Amino acid sequence: MLKAVKTTRMSVHVTFQVSVETTSCDIVCVTGSVKELGEWAPPLAFRLSRKEDSDLWTGTLDLIDCPSVEYRYMIASFGEVESEVIVKRWETNIKPRHLIVSAGCQSEVATFGEYNDRESIGYGWLISHSEIRLTLKNNPIKMWKKKYQRMKYQVKVTQIDLRHKDSSSSNLLDTEDDEEQVDSGTGGTLPSITDQQTEIAVLTCPDDYEFREQNQFGHVYNDDDIIVFRCTTFHLLFTALQVDFYSCSDEDTESVPEFKGFAYILPVNMRHLNGCRFIPITGLRHSNIGQLEVEYLVIKPTEGITFNMEVSYNQYWKRRWRPLDVGHRGMGSYYNKKRIAVARENTIASLNYAGKHGADFVEFDVQLSKDMVPVIYHDFSVFISMMRRSTKKEMLDELYEIPVKDLSVYRLQRLKMRNAQDQQVLDVDETDVEALVRRSSSATTIDDWQPFPTLEEALNRVNSHVGFNVEVKYPMRNMDGTTELDSVYFEKNEFVDRIVTVVFTHAANRRIVFSSFDPDTCIMLQLKQNKYPVMLLSQGAHGNHVGYEDVRARSPEVCIRLVKCEKLLGVCMYAGDIIRLPQLVTLSKNLGLVMFTWGVEENEEILNVKKLGVDAVIFDRINEYHTGVSQENIFFAEEKNRMQSKLQERGQLRRCSVITTLADGTVTVTPSAVGVEGATMQPMPPPEKRFSSASPATACVGESSRVNEATPASVNDSEVHPFAIAKD
């Protein structure tokens, strides 16, 4: 007969305390690895209480059967229901805080964001709320009367909840002017002002380009300023924005600014989620006194993916002993040089071949097909060759330009590609491809050599040690008035969501960095996920290309400020700007940013920009650069070194010498007499053959041993991930 054994569960009082400056709307919380702390889920985090007249936040709770706990602090605001939470700031160090639990223990008084000798604080991501961005630039305030045109204005943005009315929400100031005050026409009530505060950043100001709370009367708009207002809301369909205008004077800074008018930006004005609007400015007599030109961007959370606070790499980069080599579109542009590359750009074969020849990362371009599948291709259009009859005996090719977005993946992958400039057919027939496959270990199938691979195929079939720099392509407007694609494109939220979803579904342990020339796309990539880093590509001010209209992508200085403002990982700078202005590298490093560079072609240029201190260089023909150089993919080399160290600790290195990476990211050790230098990188097999259920085993004579690389979601050791900052 079985007897029930009564077990005693031990409960321990634990006190958490942290010092941080907050606003009246903020609540400091702690989340961690145990159920009582929400198991890293922000809505379930334990809320602390603020001590009166102090920046100290404390809280005590009971932890049951918990010998130790890992945790992080965050600053948040909450909505009307439990699941509505906005993470304003959170601690993003690669290793969370750690506490050994004992009776009556309490954590030391922590400084928010500072531990392990480093400070790392990130903005939150979109969980159940949306974010609205308003941008004022190119002198957007136009007043009709001359007396108003001569004035300088302070601008303030306030969120309005259209579901409620509040008699106290009118913010019009008493004035001695003979103009009448505004009557709302609603019985003396106006829509209520929300508790969510609006933040502001001035990208053109060297000292004021990071987000902060706006002042009581807003911020003065100076000529050629770029001012960004950031608003958050749980109820996008009922959120309007009130823009108030106050006249001010450079000479008289002591007087209270005088209220002159207002403008309303309603939900219907932002129904397209991204665009530019001309909003009338209403004076105190209900008359139209001017016009405001405003760019708006509405960012929604990605549906179907849940993120937590256990680990994040979006602000980390390991300071390595050498700059990383990034293969541009794999092996580089196929036909922009006198000789053709060994593999067509942006193909699986090209990406794998670059990894085999030492590329630490490969950079490639991603856009959507007609059926909204992320595909890898650089140009926004393809040229379709159609046969037409010029005479009764002669047939001529005629090229028709068709956007990639208008063709399905099925159609794209069946095109024969050619260079539209020199009419050189770039497609190779199956006989040639089969011969290339037999001669090269960089590709495993004929499909690896074909254009328009999907992002999913690349994630599944390129060696897992090769990092991906995923450049997200979105058409932009040029300074000369032209656009990169003269056609209506996908809505930006849905466009980014499709790419993010594929990456998080298939990335596994792969190192990922997002990038884009479009600043708004970068901002979306940063806000829609909290795991992978994002970099802004700078077109540069000294290139031969047509400049983008958006100064955030064109000006190196503004680009760096935007990256710092949005807490992106860093900037990918045009090499011509770095060579002419090497102080840009110093500026970037002083701000704690990572710097990639692109646009170099010759070996000497690559070496020169590396000497300037950049973190990575994107270039073509990586096989030619590495000719005669003993250099391999740095992540594969680190994996071999870790494996070698483990074998040395076990005393097994003498009999196990060949260390080879497998497609699923594991490392195989086989007995040999040649030594560890025999290790090689292999391409991915088809997805159905990628995964193995073999568990780690001790290496013995005649056997093999696998050491699985930890998945990013559970890694706390800064030495096993490229985005962690190694201690000097």
* Asked: Amide H to amide H under 5 Å from LEU407: which residues, 5+ apart in sequence or cross-chain, H placed 1.01 Å off N in plane?
  -> LYS370
* Asked: How large is the charge dipole for segment 507-597, taken about the Cα centre, if only the Cβ atoms of Lys, Arg (+1) and Asp, Glu (-1) carry charge, to the nearest 20 debye?
  -> 420 debye
* **Per residue value of the accessible surface for segment 205-329 (all protein chains in place, 1.4 Å probe), Å²** => 45 Å²
* To do: List, in order, the whole-Hz ³J(HN,Hα) value for each residue of segment 202-213 obtained from phi through the Karplus relation with A = 6.51, B = -1.76, C = 1.60 and θ = phi - 60°; use x for Gly and Pro.
  => 10, 6, 8, 9, x, 10, 9, 9, 9, 5, 8, 5
* Asked: Based on the alpha-carbon gyration tensor of segment 68-125 and its eigenvalue square roots a ≥ b ≥ c, which shape applies: rounded if a/c is under 1.5, prolate if not and a/b is larger than b/c, or oblate?
  -> oblate
* To do: Please go through segment 8-106 and write out the chymotrypsin sites (Phe, Trp or Tyr not before Pro) that DSSP classes as loop and that have at most 16 other C-beta atoms within 10 Å.
  => none
* **Share of carbon and sulfur in the accessible heavy-atom surface of segment 249-369 [1.4 Å probe, %]** => 48 percent
* To do: Compute the distance in nm between two label points, each set 7 Å from the Cα along the Cα-to-Cβ direction, one at ASN641 and one at HIS235.
  => 5.6 nm
* Among the listed pairs LYS165/LYS567; LYS531/LYS640; LYS300/LYS405; LYS88/LYS318; LYS492/LYS531, give every one whose C-alpha distance is greater than 28 Å. => LYS165/LYS567
* Structure fact -> Nearest-0.05 FRET efficiency for TYR410 and SER487 at R0 = 25 Å, using Cβ-Cβ distance, is 0.75
* To do: Answer with one residue from HIS506, ASN493, GLN539: the one whose Cα lies farthest towards the positive end of the charge dipole of segment 474-546, charges on Cβ with Lys, Arg +1 and Asp, Glu -1.
  => HIS506
* Structure fact -> Residue separation between LEU581 and ASN139 times 0.36 nm, minus their alpha-carbon distance, gives in nm 156.2 nm
* Asked: What FRET efficiency, computed as 1/(1 + (r/R0)^6) with R0 = 45 Å and r the Cβ-Cβ distance, is obtained for ASP252 and VAL81, rounded to the nearest 0.05?
  -> 0.40
* Asked: Within the accessible area of segment 52-141, what % is carbon and sulfur when the probe is 1.4 Å and the other protein chains stay in place?
  -> 42 percent
* **trypsin sites (Lys or Arg not before Pro) lying in DSSP loop within segment 214-273, provided at most 13 other Cβ fall within 10 Å** => ARG271
* Structure fact -> For segment 555-619, the percent of accessible surface on carbon and sulfur atoms (probe 1.4 angstrom, ligands and nucleic acids excluded) is 49 percent
* Say R0 is 35 Å: what FRET efficiency, to the nearest 0.05, do ARG650 and THR445 get from their beta-carbon distance? -> 0.40
* Where both residues lie in segment 1-152, what percent of DSSP beta bridges are antiparallel, nearest 5? -> 90 percent
* **Inter-label distance, nm, simple model (7 Å from Cα along the C-beta direction), CYS25/GLU456** => 4.0 nm
* Would you calculate the separation in nanometres between label points at SER287 and ARG163, each defined as 7 Å from the Cα along the Cα-to-beta-carbon direction? => 3.9 nm
* Structure fact -> chymotrypsin sites (Phe, Trp or Tyr not before Pro) in segment 261-292 lying in a DSSP loop, each with at most 10 other Cβ atoms within 10 Å of its Cβ, come to none
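The values are calculated or read from the model by the stated rules, or taken from the named source; none is laboratory data. Fair warning: this is a prediction, and the values are worked out from it, not measured in the lab. Note that we place each Cβ from the backbone using ideal geometry, even for glycine, and neighbour counts take in every protein chain shown. These area figures cover heavy atoms from the full protein model, side chains too; ligands, DNA and RNA do not enter into them. Shrake-Rupley method; radii C 1.70, N 1.55, O 1.52, S 1.80 Å.
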